[in-house]
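The values are calculated or read from the model by the stated rules, or taken from the named source; none is laboratory data. In this text the structure is predicted, and so the values were computed from the model without any measurement. Neighbour counts are summed over all protein chains in view; Cβ atoms, including those assigned to glycine, are modelled from backbone coordinates with ideal geometry. These area figures cover heavy atoms from the full protein model, side chains too; ligands, DNA and RNA do not enter into them. Shrake-Rupley method; radii C 1.70, N 1.55, O 1.52, S 1.80 Å.
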Amino acid sequence: MSHPQPEAAGIDSGGAARLLGRCTFPPAGEELFCAVSGGADSLALLVLACAAGCRVTAIHVDHGLRPGSGAEADVVDAAARRLGAQFRKEQVWIEPGGNVEARARQARLGVLPPGTATGHTVDDQAETVLLNLCRGAGLDGLAGMRAGRTHPILALRRAETVALCAEVRLVPVADPSNTDLRLRRNRIRHEVLPLLCAVAERDVAPVLARQAGLLAADAELLAELASDIEAADATALRLVPAPIARRVLRAWLRDEQGHPPDAAAIERVMDVARGDAGGTDVGGGVRVRRSRGRLVVGRSLTGAGGAASRVAAVSAGVSADRAPTRAAHCDDAALGPVVVGEAELAARVAELGAQITRDYVGRPPLLIGVLKGAFLFMSDLARAIALPVECDFMAVASYGTSTRTSGVVRIVKDLDLDLSGRHVLVVEDIVDSGLTLSYLRRNLAARGPASLEVCALLVKAGLQRAPLDLRYVGFEIPPDFVVGYGLDMNEHYRNLPYVCRYIEVP
Ligand code: 5GP
């Protein structure tokens with residue numbers, strides 16, 4: 001990168017020329033927005049950006065937090081004019097109250113154009129690393145700010161920015177909030193760092209900044225490796241080294257503010273990916289569960305607070321993070337632990353309905369319920385689809401023992417409607433070997449539908465001999481015989497509001 005001599009920008013400063021070699025400004029002639037509060041660091045940023053030959057706009061954000069803060073804008077305006085830079089003032093309003101620093105930062109970021117350069121130095125980097133250490137921010141936090149066009153003077157020391165301002169006769173604004181020890185960053189600056197320097201008997205700021213740079217390179221390497229992994233692919237997550245899987249999940253599960261779930265939640269999602277748990281809440285009202293080898297993000301059963309985890313434990317015995325329980329409302333020795341609870345069924349059916357609604361806009365499906373097992377699921381699902389669906393039913397009987405199908409299927413009741421040209425969505429209760437479904441699919445495909453897809457509420461893990469090609473699946477469950485929510489044993493238990501294991505009583 002070649003920069004013109006400082007004189008070219010109207011600054012006669014040997015100091016600027018010397019410092020530029022350690023800066024990371026974009027090439028001369030490029031447009032650069034600089035956030036300039038009027039303090040020594042940001043004024044030095046402005047001087048150096050102009051000296052680098054960039055087309056600079058100095059942006060001053062008035063937070064309206066102190067009386068007279070407007071006068072600081074005049075200082076920046078005057079400096080920009082002297083240096084031949086453009087000037088712009090932005091006003092934000094911060095409500096009084098706690099966490100002022102973070103809220104002011106958020107408001108500032110909201111008005112600064114993307115890619116705006118800031119005047120952070122080695123000293124700021126050291127403070128940031130220590131603050132992030134206290135937050136437990138992990139590798140990315142300890143890597144601190146990244147050098148580049150948004151942090152062009154990150155390799156300079158604060159003392160150098162002060163000296164540069166003095167050399168070019170700019171008088172920085174003294175911000176009284178920089179000495180306010182109620183702010184954590186100020187305690188790090190004025191108390192922790194001097195103590196660390198005394199203990200280490202050296203200036204630790206460059207040591208911390210250097211380590212941050214090395215960790216940033218490590219973090220980038222991991223990010224690159226993680227970028228090849230699809231977050232929803234549970235098998236892929238299981239196979240890659242844990243640090244990469246964690247990184248994939250943290251990036252995937254960020255909330256609206258961009259914050260990842262906490263470390264414990266990420267470990268629980270890793271358990272779900274490994275198959276050690278069926279699902280887990282990650283906070284913020286979000287739940288991650290596994291279905292047919294994929295991780296699916298949905299609404300938590302326990303709400304944003306996550307306090308009602310007992311409800312989840314009672315409702316779904318498939319997950320290792322929830323205690324299996326006996327079906328509560330039936331005093332029947334044949335009823336084992338609940339496999340999918342009532343609330344979980346309702347939440348998933350709502351999700352499926354929303355998904356189907358999105359997928360079938362402009363071509364409402366004909367739902368074909370497979371009697372009798374799918375009757376409850378079909379009635380709930382039909383109401384969760386916000387489209388004018390048509391419904392028809394088919395009843396099939398499969399030969400076999402009471403708890404095993406043979407795959408030989410007989411149509412007991414056929415459809416009333418003609419399928420030709422219709423978008424058919426078969427609604428199945430449960431797929432075990434998949435034989436019934438593959439028979440049905442062949443049979444229905446021969447009737448000339450415009451499209452043919454399947455929505456199965458339950459799929460038994462690992463029992464199918466051929467790929468099933470199911471467009472929608474509610475839950476993957478262990479390969480036990482289950483009853484409830486439409487599923488029967490000799491016509492019993494269909495009206496249980498949940499799905500539970502059936503135990504053959506000798
Ligand atoms: P598949 O042909 O996939 O082996 O079996 C599918 C049919 O068998 C389902 O539509 C259902 O009628 C019955 N079935 C399979 N597994 C279960 C189960 O666990 N419980 C109940 N009640 N029926 C089952």
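For beta carbons closer than 9 Å, sequence separation of 6+ or different chains, a first residue in the stretch 166-182 that is assigned to a loop (DSSP other than H, G, I, E, B) and a second that is open to solvent by less than 40 Å² (accessible area, probe 1.4 Å) and of a type in the set (Asp, Glu), the qualifying pairs are Pro172/Asp41; Val173/Glu72; Asp175/Glu72.
Please indicate, with yes or no, whether at least one residue in the stretch 447-463 is in contact (Cβ under 8 Å) with a residue 60 or more places away in the chain, hydrophobic (A, V, I, L, M, F, W, C) and near the ligand (Cβ under 8 Å from one of its atoms). Yes, the conditions are met somewhere in the stretch 447-463. Here the stretch 421-446 is the region considered, the condition is being aliphatic (A, V, I, L, M) and open to solvent by 40 Å² or more (accessible area, probe 1.4 Å), and the residue that is farthest from the ligand (Cβ to nearest atom) is Ala446. The residue that is nearest to the ligand (Cβ to nearest atom), counting only those in the stretch 400-420 that are at pLDDT below 85 and more than 16 Å from Arg441 (Cα to Cα), is Thr405. Within the stretch 101-109, can one find any residue that is closer than 29 Å to Pro194 by Cβ and over 34 Å from the mean Cα position of the chain (by Cα)? Looking through the stretch 101-109, none of the residues is closer than 29 Å to Pro194 by Cβ and over 34 Å from the mean Cα position of the chain (by Cα).
Only one residue in Val162, Val129 is part of a helix (DSSP H, G or I) and either within 18 Å of Ser37 (Cα to Cα) or open to solvent by 70 Å² or more (accessible area, probe 1.4 Å) (or both), so which one is that?
When all the criteria are applied, what remains is Val162.
Pairing residues of the stretch 420-446 that are at positive phi with residues that are within 11 Å of the ligand (Cβ to nearest atom) and of a type in the set (Lys, Arg), at Cβ distances under 7 Å and at least 6 apart in sequence or on separate chains, gives Gly434/Arg465. For the stretch 54-71, the set of residues classified as outside any strand (DSSP E or B) and surrounded by fewer than 22 Cβ atoms within 10 Å (Cβ to Cβ) consists of His63, Gly64, Leu65, Arg66, Pro67, Gly68, Ser69, Gly70, Ala71, listed by residue number. Picking from residues in the stretch 145-184 that are modelled with pLDDT of 95 or more and hydroxyl-bearing (Ser, Thr, Tyr), the one that is farthest from the chain's Cα centre (by Cα) is Thr161. Taken as a whole, the structure places Glu256 among residues that are under 27 Å from Gly284 (Cα atoms) and either surrounded by fewer than 15 Cβ atoms within 10 Å (Cβ to Cβ) or not hydrophobic (A, V, I, L, M, F, W, C) (or both). With the condition kept exactly as written, say whether any residue in the stretch 329-339 is at positive phi and modelled with pLDDT under 75. Scanning the stretch 329-339, I find no residue that is at positive phi and modelled with pLDDT under 75, so the answer is no.
Within the stretch 115-138, the set of residues being within 21 Å of Val47 (Cα to Cα) and under 24 Å from the mean Cα position of the chain (by Cα) comprises just one member, Gly115.
Every residue in the stretch 464-480 that is more than 12 Å from the ligand (Cβ to nearest atom), of a type in the set (Asp, Glu) and either closer than 20 Å to Arg494 by Cβ or surrounded by 17 or more Cβ atoms within 10 Å (Cβ to Cβ) (or both), please. Of everything in the stretch 464-480, just one residue is more than 12 Å from the ligand (Cβ to nearest atom), of a type in the set (Asp, Glu) and either closer than 20 Å to Arg494 by Cβ or surrounded by 17 or more Cβ atoms within 10 Å (Cβ to Cβ) (or both), namely Glu476.
One line per residue, one yes/no per condition, for (1) touching a Cys at 6+ places or on another chain (Cβ under 6 Å); (2) within 18 Å of His259 (Cβ to Cβ):
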{"position": "Asp140", "(1), (2)": "no, yes"}
{"position": "Ala147", "(1), (2)": "no, no"}
{"position": "Thr150", "(1), (2)": "no, no"}
{"position": "Ile153", "(1), (2)": "yes, no"}
{"position": "Glu160", "(1), (2)": "no, no"}
{"position": "Cys165", "(1), (2)": "no, no"}
{"position": "Thr179", "(1), (2)": "no, no"}
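When the stretch 481-496 is filtered for residues that are open to solvent by less than 40 Å² (accessible area, probe 1.4 Å) and more than 8 Å from the ligand (Cβ to nearest atom), the ones remaining, listed by number, are Gly484, Tyr485, Gly486, Arg494, Leu496. Here's a check for you: in the stretch 211-251, which residue that is in contact (Cβ under 8 Å) with a residue 60 or more places away in the chain and in a loop (DSSP other than H, G, I, E, B) is farthest from the chain's Cα centre (by Cα)? Among residues in the stretch 211-251 that are in contact (Cβ under 8 Å) with a residue 60 or more places away in the chain and in a loop (DSSP other than H, G, I, E, B), the one farthest from the chain's Cα centre (by Cα) is Ala232. Every test in (1) in contact (Cβ under 8 Å) with a residue 24 or more places away in the chain; (2) open to solvent by 40 Å² or more (accessible area, probe 1.4 Å); (3) assigned to a helix (DSSP H, G or I); (4) in contact with a helix residue (DSSP H, G or I) (Cβ under 8 Å, 6 or more places away or on another chain) is passed by Leu208 save one, and that test is (2). Check the stretch 268-284 and report whether any residue there is open to solvent by 60 Å² or more (accessible area, probe 1.4 Å), modelled with pLDDT under 90 and more than 29 Å from Pro479 (Cβ to Cβ). Yes; the residues of the stretch 268-284 include at least one that is open to solvent by 60 Å² or more (accessible area, probe 1.4 Å), modelled with pLDDT under 90 and more than 29 Å from Pro479 (Cβ to Cβ).
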